[in-house]
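Colleague: Before we start, here is the structure in question, set down as structure tokens.
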Amino acid sequence: MEAAIEVNRKNRKIPVIPEMADRCYTCGTCGGGCPATGLVPGWDARKAIRAIVFGMEQEVVDSKWPWVCTLCGRCQYQCPMGIQLMRTFRACRTARERDLVPGPIHKGTMMNLERGNNLGIPKDDFLFLLADLGVEMENDEEQPTPGFYVPVDKEGANIITTINSKEPFGEPDDMKFWWRIFYAAKEDWTVSSVNLEGVNWGLFSGDDPRMKEQVGRVIENARRLKCKTILYPE
């Protein structure tokens, strides 16, 4: 068993060690505690790991299982043998052809790299919205915030906060919850006018190069504006 797996390791898409065949007890503890068990007929964490061990990795990659799995890590935490299930299932996402990644995740990742956010919101529209919301919040009849405005590209602020693009796109008032906290705490903060996205879909889709590029952009914003702390409200 180990020899056969060792021979095929070089050609495998999913990182696997021969010892997994012996270490996995097929006890079902991983599947029993998994919130995704039962959502994909014929698959659960235990079955997926066994399929990969026995060279059926492509079947796992092509299935819905890696995308129904939330990568919460509960299976790995409960595994009595310490098998790296979460890392293995994310590798299954990485192995999927990008054009076959389900839903808008890959398209959003590419949009983010092109326009600085997953939904492609133009910079001018974003800045106009922030200014408009700032005026609304300052003049709110129930909870006025005198002197409030949204600080954009403020150099030397203590905190730079990223934005979930779905908020300016469809739920703009949700941003006010954070802003009210900053206002009450008299926090020194800012947002960037470019590369504002705080939701890294490259992480979710298993696209490591693009995930790292987005992280680099967030860090570059903080360095460019000389901010001390990066906050991901997401």
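What follows is calculated from the coordinates using simple rules that are stated; it is not laboratory data. Keep in mind it's a predicted model, so treat the numbers as computed, not measured. Ideal geometry is used to build each Cβ from the backbone, glycine not excepted, and the neighbour counts take in all protein chains shown.
Colleague: Taking Cβ-Cβ under 4.7 Å as the only way to count a partner, pick out the unpartnered cysteines of the chain.
Modeller: Cys24, Cys27, Cys34, Cys69, Cys72, Cys79, Cys92, Cys227
Colleague: Which whole-number percent of Cα pairs in the stretch 147-230 have a distance greater than 16 Å?
Modeller: 55 percent
Colleague: Computed from the coordinates I sent, mean projected area of the Cα convex hull in nm² equals one of (i) 12.2; (ii) 13.3; (iii) 15.5. Tell me the label.
Modeller: After the calculation, the listed value that fits is (iii).
Colleague: Filter Lys176/Lys228; Lys64/Lys123; Lys64/Lys228; Lys107/Lys186; Lys47/Lys166 down to the pairs with a C-alpha to C-alpha distance above 31 Å, please.
Modeller: Those over the limit are Lys64/Lys123; Lys64/Lys228; Lys107/Lys186; Lys47/Lys166.
Colleague: Mean separation of Cα pairs under 8 Å and 6+ residues apart, divided by the residue count of the chain: what relative contact order is that in percent?
Modeller: 18 percent.
Colleague: Would you mind calculating the gained length between Asp124 and Leu39 on full extension (0.36 nm times residue separation, minus the Cα-Cα distance), in nm to one decimal?
Modeller: Additional length available on full extension: 26.4 nm.
Colleague: Label points 7 Å out from Cα along the Cβ direction at Lys212 and Glu142: separation in nm?
Modeller: Result: 4.8 nm between the two label points.
Colleague: When we measure straight from the Cα of Lys212, which aspartates and glutamates land under 18 angstrom away, once same-chain ones fewer than 8 places off are left out?
Modeller: By straight Cα distance, Lys212 reaches Glu114, Glu197, Glu220, Glu234.
Colleague: For the pair Leu100 and Ala185, how long in nm is the line joining their label points, each one 7 Å along Cα→Cβ?
Modeller: 4.5 nm
Colleague: Moving on. Once label points are set 7 Å from the Cα along Cα→Cβ at both Ile159 and Asp174, what is their separation, rounded to one decimal in nm?
Modeller: It is 1.8 nm.
Colleague: Can you figure out the FRET efficiency of Val194 with Met56, using R₀ = 45 Å and their beta-carbon distance, to the nearest 0.05?
Modeller: According to the calculation, E is roughly 0.50.
Colleague: Between Ile230 and Met81, what is the FRET efficiency for a Förster distance of 30 Å, r being their Cβ-Cβ separation, to the nearest 0.05?
Modeller: Once rounded, the FRET efficiency stands at 0.25.
Colleague: What FRET efficiency, computed as 1/(1 + (r/R0)^6) with R0 = 25 Å and r the Cβ-Cβ distance, is obtained for Glu220 and Cys72, rounded to the nearest 0.05?
Modeller: The computed FRET efficiency comes out at 0.25.
Colleague: Under the definition of Cα pairs under 8 Å and six or more residues apart, what whole-number percent is the relative contact order of the stretch 54-154?
Modeller: The value is 14 percent.
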